[in-house]
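J.: I'd like to ask you about the structure that follows.
The values are calculated or read from the model by the stated rules, or taken from the named source; none is laboratory data. All values derive from a computational prediction rather than experimental measurement. When we count neighbours, we look across all protein chains shown, and the Cβ atoms used for this are built from the backbone with ideal geometry, even at glycine.
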Amino acid sequence: MKILVPISKVPDTTSKIAFTDGNTKFATDNVTFILNPTDEWYALVRALEIVEKDGGTVTVIHQGEADSEQFIRKALAVGAHDAVRIDAPATDGYNVALNIYEYAKDKGFDLIITGKETIDYNGFQIGGMIAELMNVPFVTLASSLEISGGKATVGRDIEGGKEIVEVPTPCVISAQKGMAEQRIPNMKGIMSARTKPLVVVPAVAESFTNVKVYDMPAPKTACKMIDPENMDELVNLLHVEAKVI
Amino acid sequence: MSVIAYIESNDNKIKKSSLEAAYYASETAKIMETEAIAVALGTHDASELANLGQLGITKVLHDSNPKFDTFDSGAITKAIASIASNSDVVVISYNQNGKAIAPRVSVRMKAGLIPGASALPSLEGGFNVSKNVFSGKAIAHYQVNTAKKIIALTPNTLQLIKGEGTATIESVSSGVSDADFTTVIKGIEKTSGTVSLTEAELVVSAGRGLKGPENWGMIEELAKDMGAATACSRAVSDVHWRPHHEHVGQTGFTVRPNLYIAVGISGAIQHLAGVNGSKKIVVINTDSEAPFFKAADYGVVGDAFVVVPKLIEAYKKFKANSY
Ligand SMILES: Cc1cc2nc3c(=O)[nH]c(=O)nc-3n(C[C@H](O)[C@H](O)[C@H](O)COP(=O)(O)OP(=O)(O)OC[C@H]3O[C@@H](n4cnc5c(N)ncnc54)[C@H](O)[C@@H]3O)c2cc1C
């Protein structure tokens, strides 16, 4: 079993979001970056569990410049066997998907597992795009995944419940909560990560979209405090003022 | 030239998120001075499809092949791309299914994707659509540089305005063969007839402040009375007081209802990331310093075990008088 896990680095949720250059660039000064949680906790850990049971390797792939390598090493410390860095900043979702496809297309991966979304651009798009480029099945928002006999059995969330589906491998799965539990790297993992293979490959530049400018949402008006004894007032405000009931 | 809306039905009723896609498509068609057409695959109710005319859709292209009733992102992508091959813009709701389809259609049609549009496009100096980024902490104004465009619309973004009209229905074949369907459904677990969380207009959510799973009766009662979906914080689903599919926030579901009522939830930034798109937020918490009040429109400082029963009573009274 050969599994590929695309990983992204994102600003930690508690980071202050600001922009520079006339609001055209995300200001990365003073921002703490982390591995994207759904990639690290759900996609990577489930991939490791599968190869621990059935044998095989887990490769992580990341598009970004050399300063991303600490995040790739973290994924190797969690347990990935080897890593690939696509040597260019990501320009849009299609650009990343295309670069991952260009690397993966002739490597014989049985499975590609992504996190459901990144917490910066919240796109939910890379997995589906890779699947279409590869012309293989794609199951999104998966909370469980079992592989056997060339088939993936996947639990996926649908409106008002859950659906269990089966698709042939190779396939692409996007993982969310329920799939696995976060693993904290141990000292042995951290030591061995330093010497695991990390290859750097060139990137193609093609993309479909670009961000012209960013802005901030309108500030919230102050919270109106309601007397806990007077819930009639709250209901009335929700009806008359907020018009939501 | 035309703008396409992709339509899904559930139990023969068009999903609310698809009605939004239809309305968005017809508003976009107005901006582009062209026609809005719907694409429907599989089993649908004909009068439901015809009623899309009320949202500005002139024509529905329907491939009634029942194979489409099993959700298969590859086959649906092929069908949409084939039927929409002469169109400029395809609008797909970014609901659970849309998240599987829209990125694929983007690649197949070589059309740039807006993965979660939060407003109608503007044609000033290009084709521009805005989208919330950084979990709602900022807005990015995207420009799409391809000839064709895919807009994946965040559910509950637009207020639907219905007019008069009936759409004509045209049977089409999307040229998809049996071999294109690779997904087999092994089972479906419905969550007990409740309102689906990501589509809900009203959400009642509770956190660790409720002390234990046995205390959720009043939350469910309030939700049932209001026709709301129930949700919870991660702290609660992690200890299995509530099911995982109720977990909202950065690592759970993102919701943007008209009203989000948070009971006994502190309002950690990771929780807010999943709910701050809500139009109005009510916070009920014993601690007046709880960070959630900063994100709230209406706040009640008080004990949930006292306040929620009072709220249920007040709501029942309001309901009884609102005829
Ligand atoms: C990487 C990461 C990702 C995360 N993702 C998520 C996520 O997706 N979603 C999420 O929710 N959390 C997430 N968290 C966890 C988050 O940081 C908080 O720990 C969590 O949201 C707290 O849940 P809570 O508000 O229910 O509990 P608490 O923080 O314990 O808050 C309980 C609240 O209840 C109030 N209270 C107590 N008794 C009463 C009463 N009788 N009546 C009324 N109020 C009462 C208290 O004043 C308090 O404000 C994440 C954390 C990390 C580090």
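J.: Quick test of your reading of the structure: B:Glu33 fulfils all but one of (1) on the phi < 0 side of the Ramachandran plot; (2) surrounded by fewer than 22 Cβ atoms within 10 Å (Cβ to Cβ). Name the failing condition by number.
T.: (1)
J.: Take the stretch B:168-211 and flag every residue that is of a type in the set (Asp, Glu) and in contact (Cβ under 8 Å) with a residue 40 or more places away in the chain.
T.: Scanning the stretch B:168-211 gives B:Glu170, B:Asp178, B:Asp180, B:Glu199, B:Glu201.
J.: Further, regarding this structure: I need the full set of residues from the stretch B:276-287 which are more than 8 Å from chain A (Cβ to nearest Cβ), under 21 Å from A:Leu238 (Cβ atoms) and out of contact with any helix residue (DSSP H, G or I) (no Cβ under 8 Å at 6 or more places or on another chain), in order please.
T.: B:Gly277, B:Ser278
J.: So, A:Ala88, is that one within 24 Å of B:Val144 (Cα to Cα), in contact (Cβ under 8 Å) with a residue 60 or more places away in the chain and small (Gly, Ala, Ser) or not?
T.: Against the criterion (within 24 Å of B:Val144 (Cα to Cα), in contact (Cβ under 8 Å) with a residue 60 or more places away in the chain and small (Gly, Ala, Ser)), A:Ala88 qualifies.
J.: Sticking with this one: Within the stretch B:185-200, is even one residue within 16 Å of the ligand (Cβ to nearest atom) and not small (Gly, Ala, Ser)?
T.: Yes: the stretch B:185-200 contains one or more residues that are within 16 Å of the ligand (Cβ to nearest atom) and not small (Gly, Ala, Ser).
J.: Quick check on the stretch B:98-121. Is at least one of its residues surrounded by fewer than 20 Cβ atoms within 10 Å (Cβ to Cβ), modelled with pLDDT of 95 or more and not basic (Lys, Arg)?
T.: yes
J.: Same structure again: Name every residue in the stretch B:277-295 that is away from the ligand (no atom under 12 Å from the Cβ) and touching a strand residue (DSSP E or B) at 6+ places or on another chain (Cβ under 9 Å), in order of residue number.
T.: Residues satisfying the conditions are B:Gly277, B:Ser278, B:Lys279, B:Lys280, B:Ile281, B:Val282, B:Ala295.
J.: Moving on. Yes or no: the stretch B:206-223 includes at least one residue that is surrounded by 13 or more Cβ atoms within 10 Å (Cβ to Cβ), within 14 Å of another protein chain (Cβ to nearest Cβ), touching a helix residue (DSSP H, G or I) at 6+ places or on another chain (Cβ under 9 Å) and of a type in the set (Val, Ile, Thr).
T.: The answer is no; no qualifying residue exists.
J.: To continue, here is another question. Of all residues in the stretch A:204-235, which are aliphatic (A, V, I, L, M) and more than 7 Å from chain B (Cβ to nearest Cβ)?
T.: Answer for the stretch A:204-235, where residues must be aliphatic (A, V, I, L, M) and more than 7 Å from chain B (Cβ to nearest Cβ): A:Val204, A:Ala205, A:Ala218, A:Ala222.
J.: While we're looking at this one, here's another question. For the stretch A:151-173, what are the residues that are modelled with pLDDT under 95 and not in a strand (DSSP E or B)?
T.: A:Glu159, A:Gly160
J.: Looking at the stretch B:235-276, which of the residues that are hydrophobic (A, V, I, L, M, F, W, C), more than 9 Å from the ligand (Cβ to nearest atom) and within 13 Å of B:Ser205 (Cβ to Cβ) is nearest to the chain's Cα centre (by Cα)?
T.: Among residues in the stretch B:235-276 that are hydrophobic (A, V, I, L, M, F, W, C), more than 9 Å from the ligand (Cβ to nearest atom) and within 13 Å of B:Ser205 (Cβ to Cβ), the one nearest to the chain's Cα centre (by Cα) is B:Val255.
J.: Let me ask something else. May I ask you to list the residues in the stretch A:35-53 that are under 19 Å from B:Thr251 (Cα atoms) and either among the aliphatic types (A, V, I, L, M) or without any contact (Cβ under 8 Å) to a residue 40 or more places away in the chain (or both)?
T.: Within the stretch A:35-53, A:Leu35, A:Ala43, A:Leu44, A:Val45, A:Ala47 meet the criteria.
J.: Would you please name the residue that is farthest from B:Val133 (Cα to Cα), looking only at residues in the stretch B:153-175 that are within 14 Å of another protein chain (Cβ to nearest Cβ) and not in a strand (DSSP E or B)?
T.: Checked the stretch B:153-175; the qualifying residue farthest from B:Val133 (Cα to Cα) is B:Gln159.
J.: Just to verify a result, which residue in the stretch A:127-141, among those that are hydrophobic (A, V, I, L, M, F, W, C) and either assigned to a loop (DSSP other than H, G, I, E, B) or at pLDDT below 95 (or both), is surrounded by the most Cβ atoms within 10 Å (Cβ to Cβ)?
T.: A:Leu141
J.: Here's a follow-up. Considering (1) within 8 Å of chain B (Cβ to nearest Cβ); (2) farther than 28 Å from B:Tyr142 by Cβ, say which one A:Glu132 fails and leave the rest.
T.: (2) is the only condition that A:Glu132 fails.
J.: Now, a different point. Look at the stretch A:51-79 and say how many of its residues are outside any helix (DSSP H, G or I), more than 29 Å from A:Ser207 (Cα to Cα) and in contact with a Leu (Cβ under 8 Å, 6 or more places away or on another chain).
T.: Counting residues in the stretch A:51-79 that are outside any helix (DSSP H, G or I), more than 29 Å from A:Ser207 (Cα to Cα) and in contact with a Leu (Cβ under 8 Å, 6 or more places away or on another chain) gives 1.
J.: Looking for whichever is of a type in the set (A, V, I, L, M), in a helix (DSSP H, G or I) and either under 18 Å from the mean Cα position of the chain (by Cα) or not assigned by TED's automatic domain parsing to the domain that holds B:Ala75 (or both) here; the options are B:Ala5, B:Ala29, B:Ala25, B:Ala50. Which one fits?
T.: So the residue among B:Ala5, B:Ala29, B:Ala25, B:Ala50 that is of a type in the set (A, V, I, L, M), in a helix (DSSP H, G or I) and either under 18 Å from the mean Cα position of the chain (by Cα) or not assigned by TED's automatic domain parsing to the domain that holds B:Ala75 (or both) is B:Ala25.
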